[in-house]
Amino acid sequence: MATKPAIFTLDDDPEVLQAINGDLRRAFGKEYRIIRASDGASALESLRQLRLRNEHVALFVIDQRMPEMSGTEFLTQARKIYPEAMRVLLTAYADTNAAIQAINEIRLHHYLMKPWDPPEQNLIPVLSDLLETWQVEYYKPLFEGVRVIGHQWSPDSHRIKDFLARNRVPYKWHDIEKQPEEAERLLDLAGVRERPLPIAVFNDGTAMSNPENSKIAEMVGLRTQAEQPSYDLAIIGAGPGGLAAAVYGASEGLKTILIEREAPGGQAGTSSRIENYLGFPSGLSGNDLARRGVQQATRFGVEILTPAEVVTIRQEDPFKVLVLTDGSEITTKAVLVATGVSYNRLNVAGCDELTGAGVYYGAAMTEAPSVAGRDVFIVGAGNSAGQAAMFFAQHAANVNIVVRGESLTKSMSHYLIEQIEQTPNIHVLAYTEIFAVHGEAHLTHVTLINKQTRDTQKCEAAALFVFIGAAPRTDWLADVVRRDDRGFIVTGSDLNENGRRPRGFERDPFLLETSVPGIFAAGDVRCRSVKRVASAVGEGSIAVQFIHQYLGEL
């Protein structure tokens with residue numbers, strides 16, 4: 001529940017402070033919190049903390065005559081913290097001139113003579129009018145989330161924004177160059193002006209310089225440690241296949257834990273639009289698909305760890321022990337590996353140095369505002385590249401799809417090709433590759449090379465999004481399960497050699513079972529799988545039936 005806006009009162013006289021607070025509480029207590037202070041220094045510190053927590057102050061009711069700091073002096077400082085709040089001075093007759101002067105100096109909205117009896121006539125109508133003005137002209141619904149302050153082209157700024165966005169944590173971005181006043185005010189309030197950017201300011205007012213994803217997860221309440229000593233099923237990877245397996249496993253009574261190193265949704269979660277997924281005729285975003293999957297899994301009692309990464313699996317019959325990067329271990333009866341694939345790196349001059357500063361792997365939808373009205377380039381000819389092109393065409397002046405072959409027809413769905421052809425600011429550059437990328441602090445240009453003519457062309461570029469190839473990143477399983485020469489996990493009958501079962505099996509391996517009984521694989525990480533979202537969901541679902549059969553053998 002959102003915190004109510006505050007009315008802030010300050011008076012060094014305890015009896016007067018109690019009286020004004022009582023009147024305010026009776027009149028406005030249902031809609032506003034009444035916060036009181038008895039000295040200026042502690043009051044200003046309270047205001048700084050309120051602002052760091054992104055809470056609203058609607059009205060100041062401040063005594064003018066105080067020994068250490070006058071009301072006018074206090075409001076001068078308070079106005080810097082809450083410039084939009086209404087300001088009222090409580091004055092004695094002798095303070096009238098100071099109040100009138102304050103109208104000009106600090107834009108005082110009103111002053112009230114003490115005593116104000118009866119309050120229903122002399123206090124409440126005036127404050128009600130001011131509060132109504134504040135509600136209409138200044139009040140914006142409270143933003144409850146993380147505020148990130150940094151440079152647009154900082155790789156760490158991109159990392160933090162991407163992590164928050166993909167984990168569906170609300171955040172607000174403050175560009176130190178485009179919004180210097182607001183960003184610097186927030187840095188001053190947090191007392192971190194001298195610390196390196198980016199800075200993340202959390203709901204409780206805590207400010208951290210360039211926090212790691214694991215620390216961000218801890219601060220925003222994501223679960224990173226297992227709660228139970230053992231499980232029936234541990235799923236590694238929370239893409240569509242892993243989420244589907246989690247939903248089916250938990251709904252069928254298995255004690256299930258889902259472990260994801262980045263964010264639920266996997267590579268599919270970065271897709272701006274999936275339009276050929278059954279049951280969604282208008283399409284849905286990868287983020288929306290992930291959100292729905294997480295909600296379903298959570299409702300059935302799945303424990304989701306993110307970010308958390310498994311580095312190896314150890315066999316302790318009849319259990320499997322997963323070892324995580326932090327040294328912790330999870331014991332489970334069965335394992336499903338659904339880690340999907342990652343985009344290959346673009347091996348051209350300047351690319352590594354500018355990754356996260358204009359060069360991005362995947363759609364990086366958080367960067368859409370930075371490319372508004374400018375040209376972007378997309379490398380790749382698959383569906384993910386096409387979906388990204390359609391998304392960025394809504395923001396960029398031109399979207400250029402760089403394709404090594406003659407067209408998109410061999411690797412992209414027909415519906416996407418048609419949409420691209422009908423979008424005037426998307427251009428397909430056939431027989432073309434990226435030759436080099438250029439820029440100092442961030443990407444400014446790309447050099448293209450035509451594969452047929454070997455001609456090169458240098459073009460301005462706001463961003464380069466890479467969608468080339470896919471690798472399973474399964475080196476951590478090299479000594480655990482059998483893989484093919486590209487690293488994809490071999491399963492089912494493909495494990496048999498010359499009609500003989502693999503070592504350790506007294507039966508034929510189940511369809512999605514690996515070379516280790518009780519360890520299964522589903523989705524893109526599996527050898528011979530169909531690289532589609534629906535296929536991953538299907539494999540994750542049916543894997544649970546084989547896991548039930550395996551558990552029945554124990």
query: Out of all the residues in the range 245-265, is one or more closer than 22 Å to residue 539 by Cα and free of Cβ contacts under 8 Å to residues at least 24 places away in the same chain?
result: yes
message: Looking for something more than 20 Å from residue 81 (Cβ to Cβ), part of a helix (DSSP H, G or I) and small (Gly, Ala, Ser) - is there at least one such residue anywhere in the range 139-159?
response: yes
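State which residue is most open to solvent (accessible area, probe 1.4 Å) when the search covers only the range 426-469 and only residues that are polar (S, T, N, Q) and outside any loop (DSSP other than H, G, I, E, B). Write out each step before concluding.
Narrowing the range 426-469 to residues polar (S, T, N, Q): 432, 444, 447, 450, 452-453, 456-457.
Still in the running and outside any loop (DSSP other than H, G, I, E, B): 432, 447, 450, 456-457.
Details: 432: 14, 447: 16, 450: 43, 456: 87, 457: 112 Å².
Step by step, filter the range 426-469, then rank; the result is 457.
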- line: Here the residues within the range 243-269 that are part of a helix (DSSP H, G or I) and open to solvent by 30 Å² or more (accessible area, probe 1.4 Å) are 248, 251, 267
query: Which condition number does residue 274 fail, the rest of (1) in contact with a Phe, Trp or Tyr (Cβ under 9 Å, 6 or more places away or on another chain); (2) more than 30 Å from residue 505 (Cβ to Cβ); (3) surrounded by fewer than 19 Cβ atoms within 10 Å (Cβ to Cβ) being met?
result: (3)
query: in contact with a Phe, Trp or Tyr (Cβ under 8 Å, 6 or more places away or on another chain) and either in a loop (DSSP other than H, G, I, E, B) or closer than 30 Å to residue 145 by Cα (or both), is that true of residue 78?
result: yes
Qualifying residue in the range 296-309 (condition: aliphatic (A, V, I, L, M) and more than 16 Å from residue 257 (Cβ to Cβ)): no
- request: Can you give me the number of residues within the range 340-383 that are open to solvent by 10 Å² or more (accessible area, probe 1.4 Å), modelled with pLDDT of 90 or more, in a strand (DSSP E or B) and not aromatic (Phe, Trp, Tyr)?
  value: 4
message: Any residue that is buried (at least 21 other Cβ atoms within 10 Å of the Cβ) and closer than 25 Å to residue 44 by Cβ - is there at least one of those in the range 150-173?
response: no
- prompt: Right, residue 525: buried (at least 24 other Cβ atoms within 10 Å of the Cβ) and in contact with a Gly (Cβ under 8 Å, 6 or more places away or on another chain) or not?
  reply: yes
task: For the range 24-43, state whether one or more residues are assigned to a loop (DSSP other than H, G, I, E, B), more than 25 Å from residue 193 (Cβ to Cβ) and either hydroxyl-bearing (Ser, Thr, Tyr) or open to solvent by less than 10 Å² (accessible area, probe 1.4 Å) (or both).
output: yes
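The values are calculated or read from the model by the stated rules, or taken from the named source; none is laboratory data. Small disclaimer: the values here were computed from a predicted structure and weren't measured. Here the Cβ is made from the backbone with ideal geometry for all residues, glycine too, and neighbour counts use every protein chain on show. Remember, those area values only see protein heavy atoms, side chains included, never the ligands or the DNA or RNA. Shrake-Rupley method; radii C 1.70, N 1.55, O 1.52, S 1.80 Å.
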